[in-house]
1. Among the aspartates and glutamates, which have Cα under 15 Å from the Cα of Lys8 when same-chain residues fewer than 8 positions away are ignored?
2. Quickly estimate the mean residue ellipticity at 222 nm for the chain, helices only: each DSSP H run with n ≥ 4 gives -39500 (n - 2.57), and the total goes over all residues, rounded to 500.
3. Please work out the Cα convex hull volume for segment 11-83 and give it in Å³ per residue.
4. If the cut-off is 25 Å between C-alpha atoms, which lysines fall inside it for Lys9, apart from same-chain ones fewer than 8 positions away?
5. Please work out, to two decimal places, the log10 of the ratio I(q)/I(0) at q = 0.21, 0.22 Å⁻¹ from a Debye calculation in which every Cα of segment 44-110 carries one identical scatterer.
6. Could you tell me how many degrees, from 0 to 90 and to the nearest 10, lie between the Cα long axis of helix 67-78 and the main elongation axis, the longest principal axis, of the Cα atoms of the chain?
7. In degrees from 0 to 90, rounded to the nearest 10, what is the angle of the helix 82-100 Cα long axis to the longest principal axis of the chain?
8. For the chain, build the convex hull from the C-alpha positions and give me its volume per residue in Å³.
Amino acid sequence: PRVPAVLKKRLVKLVVNFLFYFRTDEAEPIGALLLEHCRITKEEENVFSISFIEEPERKYCFECATEEQCQEWVEALKRASYEFLRRSLIFYRNEIQKMTGKDPLEQYGISEEARFQLGAPRQ
């Protein structure tokens, strides 16, 4: 009932926050998904989907060979966004500062930048 109109076999490669997809017989990607403002959802045992906040009705479904492989992809894709990395940086920066009493980013001259501060207004 939920089967997409067209099923296509593709190879995929995750690079930072881009998921590139390839035809099985070509070396160059035919497209890419920017993994920002998206939702990664495990649909079935071996199936997960990616949908975007701007286009929630459009869903990209992926089927894996095993449930374990599917879970690995879901976890990797959820960690791939800039926002996840930003939250991780804030968390670890605060933890290091609590332990050492020093801002670990100070040596890079970015300790006062608002974009790394919790609760900072977005521009």
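No value in this document is a laboratory result; all are computed from the given coordinates. Predicted model only: the values in this text are computed from it and were never measured. We place every Cβ from the backbone using ideal geometry, glycine too, and count neighbours over all the protein chains shown.
1. Asp25, Glu26, Glu63
2. Working: 2 runs with 31 residues, N = 123.
One gets -8500 deg cm²/dmol as the mean residue ellipticity at 222 nm.
3. Working: hull volume 6.3 nm³, N = 73.
It is 86 Å³ per residue.
4. In chain and number order, the partners are Lys42, Lys59, Lys78.
5. -0.88, -0.93
6. It works out to around 40 degrees.
7. The two axes meet at around 30 degrees.
8. On the way: hull volume 20.4 nm³, N = 123.
Normalising the Cα hull of the chain by residue number yields 166 Å³.
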